[in-house]
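Notes for the one structure printed next.
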Amino acid sequence: MLTDNDVIFRAKIVYLILSKDTDEALKMLSSHYGVVEPKLKVGMPKRYSKNPACYVAKNQTIHVSRREILYSPHIILHEFYHHLRRVTNAQGGIEKYADNFAKNYIQSYKNTTNKT
């Protein structure tokens, strides 16, 4: 069960991404989970050129295909999940778990903003 503080933290992360402060959101996420902050780069590696974004573990970088994607909470959180799994040496990290991670953050944001 999420605490109120968890919900507020998640909502703030989504708010920061929507507010075009993705760097701060990644900094806070990394601190929260006790992992190194991933780099963020506009431009895709060749083998991923058709994707909107990807995570490259070798250089711990979240790549996005275009600048607007930097402000997409679902995509940024999805890729951060892949980073989190890789730097903690956790097994797995499949797409459905990354999607659920992102959806949970977005749902906290929606729940928080609907209470106003």
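The values are calculated or read from the model by the stated rules, or taken from the named source; none is laboratory data. Every value quoted in this text rests on a predicted model; they were computed, and no experiment measured them. Heads up, the Cβs are rebuilt from the backbone with ideal geometry, glycines too, and the neighbour counts pull from every protein chain shown.
Quick notes on this structure:
- Residues of region 22-36 include at least one that is free of Cβ contacts under 8 Å to residues at least 40 places away in the same chain, over 22 Å from Ile94 (Cβ atoms), surrounded by 13 or more Cβ atoms within 10 Å (Cβ to Cβ) and among the aliphatic types (A, V, I, L, M).
- The residues of region 39-79 that are β-branched (Val, Ile, Thr) and under 21 Å from Val14 (Cβ atoms), listed by number, are Val42, Ile62, Val64, Ile69, Ile75, Ile76.
- Selection of region 31-56 for residues being more than 14 Å from the chain's Cα centre (by Cα), at pLDDT 95 or above and among the aromatic types (Phe, Trp, Tyr) yields an empty set.
- Condition met for Asn5 (free of Cβ contacts under 8 Å to residues at least 60 places away in the same chain, within 22 Å of Asn111 (Cβ to Cβ), exposed (fewer than 14 other Cβ atoms within 10 Å of the Cβ) and not charged (D, E, K, R)): yes
- Any chance Val14 is in contact with a Pro (Cβ under 6 Å, 6 or more places away or on another chain) and either of a type outside the set (Phe, Trp, Tyr) or surrounded by 20 or more Cβ atoms within 10 Å (Cβ to Cβ) (or both): yes
- Residue in region 86-95 that is in a helix (DSSP H, G or I), buried (at least 16 other Cβ atoms within 10 Å of the Cβ) and without any contact (Cβ under 8 Å) to a residue 60 or more places away in the chain present: yes
- Qualifying residue in region 41-56 (condition: in a helix (DSSP H, G or I), loosely packed, with under 13 Cβ neighbours inside 10 Å and not β-branched (Val, Ile, Thr)): yes
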